[in-house]
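Below: one structure, written as structure tokens.
The values are calculated or read from the model by the stated rules, or taken from the named source; none is laboratory data. Here the structure is a predicted model, which is why all the values come from computation and not from measurement. Glycine gets a Cβ as well: all are built from the backbone with ideal geometry, and neighbour counts include every protein chain shown.
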Amino acid sequence: MSTSKTAKHTYHHGRLQASLLRAAEEMLEKRGLVALSVRAAARRAGVSHNAPYRHFPDRESLLAALAADGFARFARALEEGQARGGLRGRGEAYVRFALENPQRFRLMFDGEVPMARHPALREAATRAFAALAGALAEYLPGVPSRDASIAAWALVHGLASLLLNERIALAMRAERSDEEFVRAVLGSVRFAAAQPAA
């Protein structure tokens with residue numbers, strides 16, 4: 001099937017937006033944010049350069065959609081991590097997501113896209129942030145639980161950023177893999193947590 005027929009078929013069945021996001025995601029992780037444009041994503045998806053503009057009128061709207069999708073995946077990864085390993089599992093999932101999706105993670109957290117202009121992005125980020133800010137709520141009822149949750153969030157985000165930016169030397173890591181190192185670091189930190197009142 002020719003490219004033009006493929007593009008027409010994809011667009012007709014309402015899959016153009018998903019195809020463009022997949023293409024943009026691949027470009028983002030392989031070539032970085034600078035190389036990403038609506039036109040480049042269209043070319044990679046095999047559609048005409050005008051086809052995407054109904055869904056993504058400009059580069060910022062494409063980046064906002066990528067970031068919103070990233071926050072949705074991120075929230076699911078954290079929930080799965082907590083289901084497998086409690087609070088430490090959530091922390092490990094946070095760092096793992098960053099290391100497996102470095103460019104997407106940077107896009108989500110570095111303020112490249114103003115959330116105020118993109119409601120879907122703001123909503124997806126707010127859901128993820130609310131879960132992080134309330135992670136210790138069942139262990140520490142009341143206002144201190146939010147502060148402790150934000151402290152834990154700062155810890156895992158800082159660890160993820162240090163690893164992403166290669167600021168922790170292998171010698172400091174004692175030659176351990178990322179996974180082993182993250183587990184050891186998070187395991188060395190203890191947050192005082194009282195059981196919730198009956």
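When THR10 is tested against (1) part of a helix (DSSP H, G or I); (2) touching a Leu at 6+ places or on another chain (Cβ under 8 Å); (3) at pLDDT 90 or above, exactly one condition is not met: (3). The set of residues in region 122-157 that are part of a helix (DSSP H, G or I) and among the hydroxyl-bearing types (Ser, Thr, Tyr) comprises THR126, SER145, SER149. Within region 162-185, residues that are within 23 Å of ARG90 (Cβ to Cβ) have Cβ atoms under 6 Å from residues that are assigned to a loop (DSSP other than H, G, I, E, B) in these pairs: LEU162/ILE168; PHE181/ARG173, counting only partners at least 6 apart in sequence or on another chain. When the test is whether a residue is surrounded by fewer than 17 Cβ atoms within 10 Å (Cβ to Cβ) and more than 16 Å from ALA24 (Cα to Cα), ARG90 does not pass it.
Can you name the residue in region 174-187 that is part of a loop (DSSP other than H, G, I, E, B) and modelled with pLDDT of 90 or more and, of all such residues, is surrounded by the most Cβ atoms within 10 Å (Cβ to Cβ)? In this case the residue turns out to be ARG176. The condition of being out of contact with any Asp or Glu (no Cβ under 6 Å at 6 or more places or on another chain), assigned by TED's automatic domain parsing to the domain that holds LEU78 and in a loop (DSSP other than H, G, I, E, B) does not hold for ALA160.
Being modelled with pLDDT under 90 and either over 25 Å from ARG96 (Cα atoms) or of a type in the set (Val, Ile, Thr) (or both) is true of ARG15. Just to be sure, is ARG167 surrounded by fewer than 12 Cβ atoms within 10 Å (Cβ to Cβ) and in a loop (DSSP other than H, G, I, E, B)? Answer is yes for this residue.
For (1) under 25 Å from ASN165 (Cα atoms); (2) outside any helix (DSSP H, G or I); (3) of a type outside the set (Asp, Glu); (4) touching a residue at least 12 places away in the same chain (Cβ under 8 Å), each residue gets a yes or a no:
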| residue | (1), (2), (3), (4) |
| --- | --- |
| PHE56 | no, yes, yes, yes |
| GLU60 | yes, no, no, yes |
| GLY70 | yes, no, yes, yes |
| GLU79 | no, no, no, yes |
| ARG84 | no, no, yes, no |
| ALA120 | no, no, yes, yes |
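Filtered by the rule that a residue be over 13 Å from the mean Cα position of the chain (by Cα), surrounded by 13 or more Cβ atoms within 10 Å (Cβ to Cβ) and within 16 Å of ASP58 (Cβ to Cβ), region 116-130 gives HIS118, ALA120. Restricting attention to region 131-161, the residues that are surrounded by 14 or more Cβ atoms within 10 Å (Cβ to Cβ), under 19 Å from the mean Cα position of the chain (by Cα) and free of Cβ contacts under 8 Å to residues at least 60 places away in the same chain total 7.
Number of residues in region 39-54 that are more than 17 Å from ARG15 (Cβ to Cβ) and touching a residue at least 24 places away in the same chain (Cβ under 8 Å) equals 0.
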